[in-house]
Amino acid sequence: MARAKKVILITFLLTMVTAIGASARPASLFRFDEPSFMGFRDGITAIKLEGKWGGVNAGGDILIPGQYEYPFYFSEGLAAVGIGNKWGFIDKTGALVIPYQYDMAVSFSEGLAAVSRGNKWGYIDKTGREAIPCQFDHASSFREGLAAVKLNNRWSYIDHTGAVAIPRQFDFAFEFREGLAAVCTDRGWGFIDKTGKEAIPCQYELAFGFSEGLSPVKAHGKWGYIDKRGNTIIPFLYEAANSFREGLAPVKSRNKWGYIDRSGKVKVAFAYDGADVFQEGLAAVAVNHRWGYVNPKGDLAIPVQYEYALSFSEGFAFAGLNGKWGIIDKTGRALPWSLIQ
């Protein structure tokens, strides 16, 4: 009798362990095909699984079922999502807040979202009211109080009321960053201030927005960095360059990537085939088609082992192996439900 009771007890315990293990490891279900390049926003990120996009948290819980055609991200509490050929907006519970009625839509910025209807773009507020009529050929998100819009092959800037703040005159125009916006004319790329005044002459082959007081610009086939007065701070030495983040910028020299500080001093050696900007203390780098992460001292914080790797956001990053994607933390540990384990 005692032996029979012991066998029954062992069988019960094994059954419980198996059940607990199964419930604690939903990992194998999360074999997702693509991540959102926007990463985590407000604790949620979009992933593509079996052909549809849904939303999960860092614990692997499905917060928003996979049903959307395109990746999405939350901004100001709402996300633009597409089903079929129409777009609307959902909240963080997945509830539809603004109906599917737009041909395309971008998430909210400064209280307004750019939407397209009938091949024309305008802006709506969070109630779905059309705050600025759909009249533009293209429209970008608001930043620092202004948005770049395109009409009849020329770009201008409007304010939150839809009034023209800077007249239509540019071949191309980026959003404002740190008080200046990169624009293109027939003379090349330069920068304007919010009055439309040319703050830095349009003379470069290409220019991006300012970050941490400097902007990468291209001249005579090489990249360097200028300040907001147009002074060259870091000489035009590089084959490619990206923005400064957390005091460092990735630059390419002799077909290898490294990182420089704002004085132009090399802080991470030119040893990589690819390099992304720093975010949350780490940057993704590539060697021989494999990716890992370095810290600002140039030490490999997470070994080079992944087929793909994206920047960290809210403590986590997407990384890929065997053609699939998972999520890792800053120690390189794959989340329990991730494929990478």
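Remarks
- Rg/Rh for the stretch 256-306, where both radii come from Cα atoms and Rh is the Kirkwood radius: 0.94
- Dividing the summed -39500 (n - 2.57) terms of all DSSP H runs of n ≥ 4 by the residue count of the chain sets its mean residue ellipticity at 222 nm at -2500 deg cm²/dmol.
- When the Cα positions of S211, I234, A199 are compared along the charge dipole of the stretch 181-280, I234 comes out farthest toward the positive end, with charges on each C-beta of Lys, Arg, Asp and Glu.
- Dipole in debye (nearest 20) - the stretch 222-341, about Cα centre, beta carbon charges: Lys, Arg +1; Asp, Glu -1: 380
- Dipole check for the chain: with +1 at the C-beta of Lys and Arg, -1 at the C-beta of Asp and Glu, and the Cα centre as origin, the magnitude is about 880 Debye.
- With contacts taken as Cα pairs under 8 Å at a separation of at least 6 residues, the chain carries a relative contact order of 9 percent.
- Tensor-based shape of the chain (alpha-carbon gyration tensor, a/c under 1.5 rounded, otherwise prolate or oblate): oblate
- Ranked I64, I327, criterion: other C-beta atoms within 10 Å, fewest first: I64, I327
- Of T161, T45, the sequence from fewest to most neighbouring Cβ atoms within 10 angstrom is T161, T45.
- Taking the C-alpha atoms only, the angle from helix 2-24 to the longest principal axis of the chain is near 10 degrees.
- Between N295 and D159, the FRET efficiency from the beta-carbon distance, with R0 = 51 Å, is close to 0.75.
- Other residues whose C-beta falls under 14 angstrom from the C-beta of L151 contribute a net charge of +2, scoring Lys and Arg +1 and Asp and Glu -1.
- Selection from P296, A275, S263, by position along the positive dipole direction of the stretch 256-306 (Cβ): S263
- Label-to-label distance, nm, for residues given as E307 and K222 (7 Å Cα→Cβ offset): 3.9
- Comparing R254, R117, R290 in a Gaussian network model of the chain (Cα springs below 10 Å), the most mobile by mean-square fluctuation is R254.
- In order along the stretch 146-156, the Karplus-derived 3J(HN,Hα) couplings, from 6.51 cos²θ - 1.76 cosθ + 1.60 at θ = phi - 60°, round to 10, 9, 7, 10, 10, 8, 6, 6, 10, 9, 9 Hz, and Gly and Pro are given as x.
- Between the beta carbons of T93 and R254, assuming R0 = 45 Å, the FRET efficiency works out to 0.30 to the nearest 0.05.
- Between E110 and L206, the FRET efficiency estimated from the beta carbon spacing at R0 = 25 angstrom works out to 0.40.
- Across all directions, the average flat footprint of the convex hull enclosing the Cα atoms of the stretch 100-251 is 9.7 nm².
Just so you know, all these numbers are worked out from the coordinates, no wet-lab data involved. Worth saying up front: this structure is predicted, and the values here are computed from it rather than measured. Backbone-built Cβ (ideal geometry, glycine too); neighbour counts: all protein chains shown.
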